[in-house]
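The values are calculated or read from the model by the stated rules, or taken from the named source; none is laboratory data. Just so we're clear, the structure is a prediction, and the values are computed from it rather than from any experiment. Reconstructed Cβ throughout: ideal geometry from the backbone, glycine too, with neighbour counts over all protein chains shown.
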Amino acid sequence: MSLFWRIFALNAVVLGSATALLLWAPVTVSVPVLLTEAVILVAGLGVMLVANAALLRIGLAPLDRLTRLMATVDLLRPGQRLPEGGRGETAELIRTFNAMLERLEHERASSSARVLLAQEAERRRIAQELHDEVGQSMTAILLALERAAADAHEPLRGELRQAQEITRGSLDEVRRLVRRLRPGVLEDLGLVSALTSLTTEFATHVGLRVVRRFDTGLPLLDQQTELVLYRVAQEALTNAARHAEAGQVEVSLHHAGEAVVLAVVDDGRGTGVAREGAGIRGMRERALLIGATLDVTSPPQAGTTVRLTVPLLRKQP
Ligand SMILES: Nc1ncnc2c1ncn2[C@@H]1O[C@H](COP(=O)(O)OP(=O)(O)OP(=O)(O)O)[C@@H](O)[C@H]1O
Ligand SMILES: [Mg+2]
């Protein structure tokens, strides 16, 4: 039934009942009106309005649901749909809206895939240049300082050694930056080694206690999936270090049924009512890229859990 006829029918039911009541009930209206008659009329009007409101509410409920979903829908949490069914304008509207969501989710997923791939390529390029240009020059400086220090006398020699130390520190920093930008170990030695070196780095440089629980015999994952798992672990660890005030973080990688699950669990103060920023949204986008789901949960006084569930039999989009 179209919306027009639906509302018309609702009003017809209410007005028809009122008219029937006037026709067959023992009611008379005098001129001028008596107090008792006025009270009965006003009460009747009240009943009519309440009935009308109730029926309209039921009749318009699908539109209410539609408005709510329109206001709250989040393309990074795909799959939110309204129940379809029936005929008429409202059902058609809901079907069209569902189809539009489907299309938008698809477009969002493919555009964020493009952005993420471009971002990874750019990171690789910067890492390459840092490694080949800056890294090589600094190594050359280090060697030159070493030669100069060997030939020099005190106090110049001491100063040269000091410059050597500073350069060595900076070179380490550049190498760390390169590793962060392009996890070469991921390509060379695989996910478990990459996560191990990532967590070791967090433990030594951030001072977090990191517990690792990696299943043995994990299934072989493609390169993109491994990169997503690695980047999500990296952001979750960074968040734990920056915001959680945690003492310990546990990073685990499990193979459960037809899925691989990465979990980063800290024992910090939890996210509270904090809004999702670029970091968590970025994790969601990466999850979409491989058809995985990301959950960030933070029960009161129980730290934060970031869980990425990667289905092994991926649905083709
Ligand atoms: N492990 C955590 N413990 C406590 N609070 C957290 C944790 N992870 C995230 N939060 C809260 O959630 C907010 C959003 O995190 P998100 O990673 O999206 O953004 P960010 O870390 O603030 O910035 P960005 O990651 O873009 O540099 C944070 O500002 C923080 O308040
Ligand atoms: Mg963050």
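Is there a residue in region 216-227 that is within 14 Å of ligand 2 (Cβ to nearest atom) and more than 21 Å from SER112 (Cα to Cα)?
From region 216-227, those within 14 Å of ligand 2 (Cβ to nearest atom) are none; that's our starting set.
No, the conditions are met nowhere in region 216-227.
I'm told ALA233 meets every condition in (1) within 13 Å of ligand 1 (Cβ to nearest atom); (2) in a helix (DSSP H, G or I); (3) in contact with a Phe, Trp or Tyr (Cβ under 8 Å, 6 or more places away or on another chain) except one. Can you identify the failing condition by its number?
In the conditions (1) within 13 Å of ligand 1 (Cβ to nearest atom); (2) in a helix (DSSP H, G or I); (3) in contact with a Phe, Trp or Tyr (Cβ under 8 Å, 6 or more places away or on another chain), ALA233 misses (3) alone.
Specify which of the listed residues (ALA113, ALA140) is over 22 Å from MET283 (Cα atoms), part of a helix (DSSP H, G or I) and of a type outside the set (Ser, Thr, Tyr).
Values: ALA113 fails: over 22 Å from MET283 (Cα atoms).
So the residue among ALA113, ALA140 that is over 22 Å from MET283 (Cα atoms), part of a helix (DSSP H, G or I) and of a type outside the set (Ser, Thr, Tyr) is ALA140.
Which condition breaks for GLU258 when tested against (1) within 11 Å of ligand 2 (Cβ to nearest atom); (2) touching a residue at least 12 places away in the same chain (Cβ under 8 Å); (3) surrounded by fewer than 12 Cβ atoms within 10 Å (Cβ to Cβ)?
With respect to (1) within 11 Å of ligand 2 (Cβ to nearest atom); (2) touching a residue at least 12 places away in the same chain (Cβ under 8 Å); (3) surrounded by fewer than 12 Cβ atoms within 10 Å (Cβ to Cβ), GLU258 is out only on (1).
If only one of LEU21, LEU35, LEU41 is touching a Gly at 6+ places or on another chain (Cβ under 8 Å), free of Cβ contacts under 8 Å to residues at least 24 places away in the same chain and not assigned by TED's automatic domain parsing to the domain that holds ALA287, which one is it? Before the answer, list the steps.
Values: LEU35 fails: touching a Gly at 6+ places or on another chain (Cβ under 8 Å); LEU41 fails: touching a Gly at 6+ places or on another chain (Cβ under 8 Å).
It is LEU21.
Need pairs with beta-carbon distance below 8 Å; first residue without any contact (Cβ under 8 Å) to a residue 60 or more places away in the chain and closer than 15 Å to GLU226 by Cα and within region 278-290, second in a helix (DSSP H, G or I) and within 8 Å of ligand 2 (Cβ to nearest atom); sequence gap 6+ or separate chains.
Close Cβ pairs (under 8 Å, with a partner that is in a helix (DSSP H, G or I) and within 8 Å of ligand 2 (Cβ to nearest atom)) amount to MET283/GLU235.
Which residues, taken from region 274-312, are away from ligand 2 (no atom under 16 Å from the Cβ) and hydrophobic (A, V, I, L, M, F, W, C)?
Once the filter is applied, which keeps residues that are away from ligand 2 (no atom under 16 Å from the Cβ) and hydrophobic (A, V, I, L, M, F, W, C), region 274-312 yields LEU288, LEU289, ILE290, ALA292, ALA302, VAL310, LEU312.
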